[in-house]
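Below: the structure, in structure tokens.
The values are calculated or read from the model by the stated rules, or taken from the named source; none is laboratory data. These numbers come from a predicted model, not from an experiment. Here the Cβ positions follow ideal geometry from the backbone for every residue, glycine too, while neighbour counts run over all protein chains shown.
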Amino acid sequence: MRSRYRVQDLDCAHFITSTILDWLPVFTTPACCDILVRSLACCRAHKRLQIHAWVIMEKHFHAIVSGPALGNIIADCKKFIARALLEQFARENRTWLLERLCTQKLPHKSRSEHQVWQDGFHPKAIPDDMMMLQKSDYIHHNPIRRGWVASPEHWRYSSAHEWLPGGTPLLPCDPWR
């Protein structure tokens, strides 16, 4: 993995993006989105992952996260999500998707019949409040840019709910700093 795709500053939060192989539309059902949410919550509870902002789109997710051994935590999280998604695709009878994840798998991925994620998670250090606000805004406005909702808090699979009075977020955020 090239150095620009590694966690460079271990003491700060990072903006990350994880993309489904071949940009396939995977997170199109609540069941698939909930797998990702549960996995992030589990990493928070058991691996000390801190989640500062997040959004799930149909082909990828973005988050601002921090924690010890962040690269290992995200790798473990993505492995768990991949296994659970493959089981969910079988339950949903999405055979076309299972076939694509098999045929598009990179040759060096020999441990599994399928590949769900593109390699890496492209971490970008968040050194200050200005960058944190810029990346949070980018994350929360992703569903608006896609034309799915008119306001960030209307998208269920996002941390934008965190700032609504009386809002009930699916995955509560950790404070920044």
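Candidates are the residues of region 138-148 that are touching a residue at least 12 places away in the same chain (Cβ under 8 Å) and not aromatic (F, W, Y); the one that is surrounded by the fewest Cβ atoms within 10 Å (Cβ to Cβ) is R146. Here is the figure for region 149-177: residues that are of a type in the set (G, A, S) and surrounded by fewer than 15 Cβ atoms within 10 Å (Cβ to Cβ) total 4.
Within region 106-125, being within 17 Å of the chain's Cα centre (by Cα) and either part of a strand (DSSP E or B) or not polar (S, T, N, Q) (or both) holds for V116, W117, D119, G120, F121, H122, P123, K124, A125.
Just to be sure, is K135 surrounded by 14 or more Cβ atoms within 10 Å (Cβ to Cβ) and either hydroxyl-bearing (S, T, Y) or in contact with a Phe, Trp or Tyr (Cβ under 8 Å, 6 or more places away or on another chain) (or both)? When the stated conditions are applied, K135 passes them. Taking the numbered list (1) surrounded by fewer than 20 Cβ atoms within 10 Å (Cβ to Cβ); (2) over 24 Å from N93 (Cα atoms) in turn, H62 passes all entries but (1).
Is it fair to say A84 is of a type in the set (A, V, I, L, M), out of contact with any Pro (no Cβ under 8 Å at 6 or more places or on another chain), more than 21 Å from R156 (Cα to Cα) and surrounded by fewer than 20 Cβ atoms within 10 Å (Cβ to Cβ)? No.
Pick out the one residue from I81, I56, I64, I51 that is more than 28 Å from M130 (Cα to Cα), out of contact with any Gly (no Cβ under 8 Å at 6 or more places or on another chain) and not basic (K, R). Selected residue: I81, the only one of I81, I56, I64, I51 that is more than 28 Å from M130 (Cα to Cα), out of contact with any Gly (no Cβ under 8 Å at 6 or more places or on another chain) and not basic (K, R). The sole residue among A90, A53 that is modelled with pLDDT of 95 or more, under 20 Å from P25 (Cβ atoms) and of a type in the set (G, A, S) is A90. Counting just the residues of region 154-177 that are assigned to a helix (DSSP H, G or I) and either in contact (Cβ under 8 Å) with a residue 24 or more places away in the chain or closer than 20 Å to V65 by Cα (or both), which one comes out farthest from the chain's Cα centre (by Cα)? Here the answer is W163. Within region 58-70, identify whether any single residue is of a type in the set (S, T, Y) and within 16 Å of the chain's Cα centre (by Cα), and answer yes or no. Checked region 58-70: at least one residue is of a type in the set (S, T, Y) and within 16 Å of the chain's Cα centre (by Cα). Of all the criteria given as (1) farther than 22 Å from P30 by Cα; (2) in contact with an Asp or Glu (Cβ under 7 Å, 6 or more places away or on another chain), the one not satisfied by R100 is (1).
Note on region 94-123: residues that are under 17 Å from S18 (Cβ atoms), in contact with a Phe, Trp or Tyr (Cβ under 9 Å, 6 or more places away or on another chain) and either surrounded by fewer than 13 Cβ atoms within 10 Å (Cβ to Cβ) or among the polar types (S, T, N, Q) (or both) amount to 1. Using the structure shown, decide if I126 is buried (at least 16 other Cβ atoms within 10 Å of the Cβ) and within 18 Å of C42 (Cα to Cα). No; evaluated as a whole, the condition is false for this residue.
Screening C32 on (1) part of a loop (DSSP other than H, G, I, E, B); (2) more than 14 Å from Q115 (Cα to Cα); (3) in contact (Cβ under 8 Å) with a residue 12 or more places away in the chain shows it passes everything except condition (1).
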